[in-house]
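Here is the structure we will look at.
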Amino acid sequence: MRRGDLPEPRAAAVFSAAPGAVLDPCDTPAGHEILVVRAIEPATFDPATRRAVRDRLFEAWLAERRAAAKIRWIWGQQP
């Protein structure tokens with residue numbers, strides 16, 4: 001599981017816990033969830049991580065460009 005796969009409050013709890021920790025129950029759309037942290041492994045810059053980083057950077061850039069965009073509609077013919 002990657003940190004970005006979880007909502008931030010849940011990710012903070014999972015990734016600050018020690019291996020073997022049992023986290024408090026959490027409500028989910030499917031019911032209740034209890035997580036057990038089995039291990040924390042350091043990130044590796046493998047192809048999957050590279051894609052995830054690239055996609056996040058692109059999404060952030062795209063959101064910034066969308067926020068800055070100004071659209072002006074011109075209906076009909078202009079002289």
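Note that the range 56-67 has calculated 3J(HN,Hα) couplings of 5, 4, 5, 4, 5, 5, 5, 4, 5, 5, 5, 5 Hz, one per residue in order, obtained from phi through the Karplus relation 6.51 cos²θ - 1.76 cosθ + 1.60 (θ = phi - 60°); glycine and proline are x. For Asp27 and Arg51, the difference between the fully extended length at 0.36 nm per residue and the C-alpha to C-alpha distance is 5.6 nm. With 5 Å bins beginning at zero, the pair-distance distribution over Cα atoms of the chain amounts to 3, 11, 14, 16, 12, 12, 10, 6, 4, 4, 3, 3, 2, 1, 0 %. For the range 1-36 versus the range 44-66, the spacing of their alpha-carbon centroids is 23 Å.
In this simple spin-label approximation, Ile71 and Ala18 carry label points 7 Å from Cα along the Cα→Cβ vector, and these lie 5.4 nm apart. Taking chymotrypsin sites (Phe, Trp or Tyr not before Pro) as exposed when DSSP calls them loop and at most 10 other C-beta atoms lie within 10 angstrom, the chain has its longest site-free stretch at 1-44. In terms of overall dimensions, the range 38-79 has a Cα radius of gyration and Dmax of 20.1, 70 angstrom.
Scanning the chain for trypsin sites (Lys or Arg not before Pro) in DSSP loops with at most 13 neighbouring Cβ atoms within 10 Å leaves 3-37 as the longest stretch between them.
Each reported figure results from applying straightforward, stated rules to the coordinates on display, with no laboratory input. None of these values were measured; they are calculated from a predicted model. Ideal geometry is used to build each Cβ from the backbone, glycine not excepted, and the neighbour counts take in all protein chains shown.
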